[in-house]
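Chemist: Please find one structure pasted underneath; my questions will follow.
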Amino acid sequence: MIAIDLAAGKRELATRLGATMVFDGSDPNCIDAVREATGGGADHVFEFAGSVRAFETAYRITRRGGTTTTAGLPPAAAQFGLPLVNLVAEERTVKGSYIGSCVPVRDLARYISLYRGGRLPVNLLLSHRLRLEDINEGFDRLHTGEAVRQVIVFD
């Protein structure tokens, strides 16, 4: 499993969660490095940042016949110019996934079971707890990329 991020801390977290290779998304040679490490690109690439730049990187590291899936929510006006010739000539698939395409009645019990069995360590994703009055600090951390997931604690 490969992970790409701009933040060193998030790359380190990805390694703790099982990534076997990590790349700095701000490196201008990142795409070439991933394509070389994977022998031409990855079969399945997932983008979660909600940024056009991140989606472009994800699309460009997807190999011929591969699938690029985005679950990030970019600003409503954000657009990506898809090179249609590549989509057809390389038989690629692009898809979206909202909330992981979760069907709660089917999936939540399984997620809980995986967590309890130590196979889905979502607790490692919790980067900050904050009080409601500190919510602006939470938004600042989201903006800078410092936060992974935050929860508001009500006293």
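This table checks each residue for (1) more than 17 Å from the chain's Cα centre (by Cα); (2) part of a helix (DSSP H, G or I).
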residue: Ala109; (1), (2): yes, yes
residue: Tyr115; (1), (2): yes, yes
residue: Leu124; (1), (2): no, yes
residue: His128; (1), (2): yes, no
residue: Ile135; (1), (2): yes, yes
residue: Gly138; (1), (2): yes, yes
residue: His143; (1), (2): no, yes
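Chemist: While we're on this one: Taking the stretch 97-149, which residues are of a type in the set (Gly, Ala, Ser), closer than 22 Å to Leu73 by Cα and either touching a Ser or Thr at 6+ places or on another chain (Cβ under 8 Å) or free of Cβ contacts under 8 Å to residues at least 40 places away in the same chain (or both)?
Modeler: Initial filter on the stretch 97-149 (of a type in the set (Gly, Ala, Ser)): 97, 100-101, 109, 113, 117-118, 127, 138, 145, 147.
Subsequent filtering for residues that are closer than 22 Å to Leu73 by Cα retains 97, 100-101, 127, 138, 145, 147.
Correct list: Ser97, Gly100, Ser101, Ser127, Gly138, Ala147.
Chemist: Just one of (1) touching a strand residue (DSSP E or B) at 6+ places or on another chain (Cβ under 6 Å); (2) of a type in the set (Ser, Thr, Tyr); (3) modelled with pLDDT of 95 or more trips up Ser97, so point out which.
Modeler: Only one criterion in (1) touching a strand residue (DSSP E or B) at 6+ places or on another chain (Cβ under 6 Å); (2) of a type in the set (Ser, Thr, Tyr); (3) modelled with pLDDT of 95 or more is unmet by Ser97, namely (3).
Chemist: Restricting to the stretch 1-22, what's the tally of residues that are touching a Lys or Arg at 6+ places or on another chain (Cβ under 8 Å) and of a type outside the set (A, V, I, L, M)?
Modeler: Matching residues across the stretch 1-22 total 1.
Chemist: For the condition surrounded by 11 or more Cβ atoms within 10 Å (Cβ to Cβ), in contact with a Cys (Cβ under 9 Å, 6 or more places away or on another chain) and not assigned by TED's automatic domain parsing to the domain that holds Thr67, what is the one hit in Leu108, Leu114, Leu124, Leu142? Let's see the steps before the verdict.
Modeler: Values: Leu114 fails: in contact with a Cys (Cβ under 9 Å, 6 or more places away or on another chain); Leu124 fails: in contact with a Cys (Cβ under 9 Å, 6 or more places away or on another chain); Leu142 fails: in contact with a Cys (Cβ under 9 Å, 6 or more places away or on another chain).
Result of the check over Leu108, Leu114, Leu124, Leu142: Leu108.
Chemist: Taking the condition in a helix (DSSP H, G or I), touching a residue at least 12 places away in the same chain (Cβ under 8 Å), surrounded by 11 or more Cβ atoms within 10 Å (Cβ to Cβ) and β-branched (Val, Ile, Thr), does Val34 pass?
Modeler: Details: in a helix (DSSP H, G or I): yes; touching a residue at least 12 places away in the same chain (Cβ under 8 Å): yes; surrounded by 11 or more Cβ atoms within 10 Å (Cβ to Cβ): yes; β-branched (Val, Ile, Thr): yes.
Yes, satisfied.
Chemist: So if I check each of Gly50, Gly81, Gly39, Gly66, which one is assigned to a loop (DSSP other than H, G, I, E, B), within 27 Å of Arg119 (Cβ to Cβ) and either over 16 Å from the mean Cα position of the chain (by Cα) or small (Gly, Ala, Ser) (or both)?
Modeler: That would be Gly50, the only listed residue that is assigned to a loop (DSSP other than H, G, I, E, B), within 27 Å of Arg119 (Cβ to Cβ) and either over 16 Å from the mean Cα position of the chain (by Cα) or small (Gly, Ala, Ser) (or both).
The values are calculated or read from the model by the stated rules, or taken from the named source; none is laboratory data. Keep in mind that what you see is a predicted model, and the values were worked out from it rather than measured. Ideal geometry is used to build each Cβ from the backbone, glycine not excepted, and the neighbour counts take in all protein chains shown.
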